[in-house]
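To start, the structure under review is shown below, and the notes come after it.
The values are calculated or read from the model by the stated rules, or taken from the named source; none is laboratory data. Keep in mind that what you see is a predicted model, and the values were worked out from it rather than measured. Backbone-built Cβ (ideal geometry, glycine too); neighbour counts: all protein chains shown.
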Amino acid sequence: MTSLLILLLGTVLIQNSTIVLGKNAEQITARATISAEISIALLTLLSLTLSSMWGYLITNVLVTYKIEGLRTPAILLGLVFIFSIERLIFRRRSHAIRWPNFNTHLSNQCAMLGIALFSSDYLDSLYAAFIYGLGASGMLAVLNACFLALRQRVDMADVPLPFKGIPIALISVGFMALGLLGFSGMVRH
């Protein structure tokens with residue numbers, strides 16, 4: 001449970017630090033809307049669910065044929081394929097997601113890889129992998145929405161000059177991590 005929280009908080013921190021560092025004001029305002037947040041949440045829902053299922057399926061196939069050494073390259077190739085197909089599908093729509101830059105792609109890919117590796121190691125069925133992917137993407141959407149609200153409030157607040165930008169984002173994520181740490185002992189295995 002704590003590894004999932006660390007993965008999700010790291011992904012959210014990478015996405016939001018990228019936005020804070022962005023020099024273009026259009027990138028920040030495009031990301032800071034609820035409709036953009038919903039579209040990114042939908043893409044994340046699809047990508048994390050498919051990557052969780054892919055990780056489980058490819059691991060079982062490789063174990064069946066006794067070639068477990070190819071697990072990581074096979075998972076990576078599948079994730080690149082999944083993400084490329086999703087980008088093609090979403091790019092053709094008129095109100096598609098406008099990614100601010102390469103780091104947002106990278107953070108989504110890191111979340112997909114972490115979810116796929118976790119589901120291949122710890123889950124027992126394809127249904128569990130599906131539910132795990134849905135839950136992880138829902139949690140990531142909630143964390144992104146929390147960071148969106150937090151970032152908007154911090155932008156309006158009178159923050160001292162040395163704390164503007166990334167330092168206040170790191171302090172904020174530290175407080176959010178402490179708050180989420182209270183949930184770590186709720187589920188027993």
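Quick notes on this one:
- Looking across segment 17-51, the residues that are aliphatic (A, V, I, L, M), modelled with pLDDT under 65 and either more than 28 Å from Gly165 (Cβ to Cβ) or over 18 Å from the mean Cα position of the chain (by Cα) (or both) come down to Leu21, Ala25, Ile28, Ala30.
- Number of the exception - Tyr127 against (1) over 21 Å from Ile38 (Cα atoms); (2) in contact with a helix residue (DSSP H, G or I) (Cβ under 6 Å, 6 or more places away or on another chain); (3) among the hydroxyl-bearing types (Ser, Thr, Tyr): (2)
- Filter result for Leu126 (modelled with pLDDT of 75 or more, over 21 Å from Val173 (Cβ atoms) and surrounded by fewer than 17 Cβ atoms within 10 Å (Cβ to Cβ)): yes
- Restricting segment 89-104 to residues that are in a helix (DSSP H, G or I) and loosely packed, with under 14 Cβ neighbours inside 10 Å leaves a set whose member that is modelled with the lowest pLDDT is Phe102.
- Test for Trp54: is it out of contact with any strand residue (DSSP E or B) (no Cβ under 9 Å at 6 or more places or on another chain) and modelled with pLDDT under 80: no
- Filter result (surrounded by fewer than 14 Cβ atoms within 10 Å (Cβ to Cβ) and either under 22 Å from Val142 (Cα atoms) or β-branched (Val, Ile, Thr) (or both)) within segment 152-166: Gln152, Arg153, Asp155, Met156, Ile166
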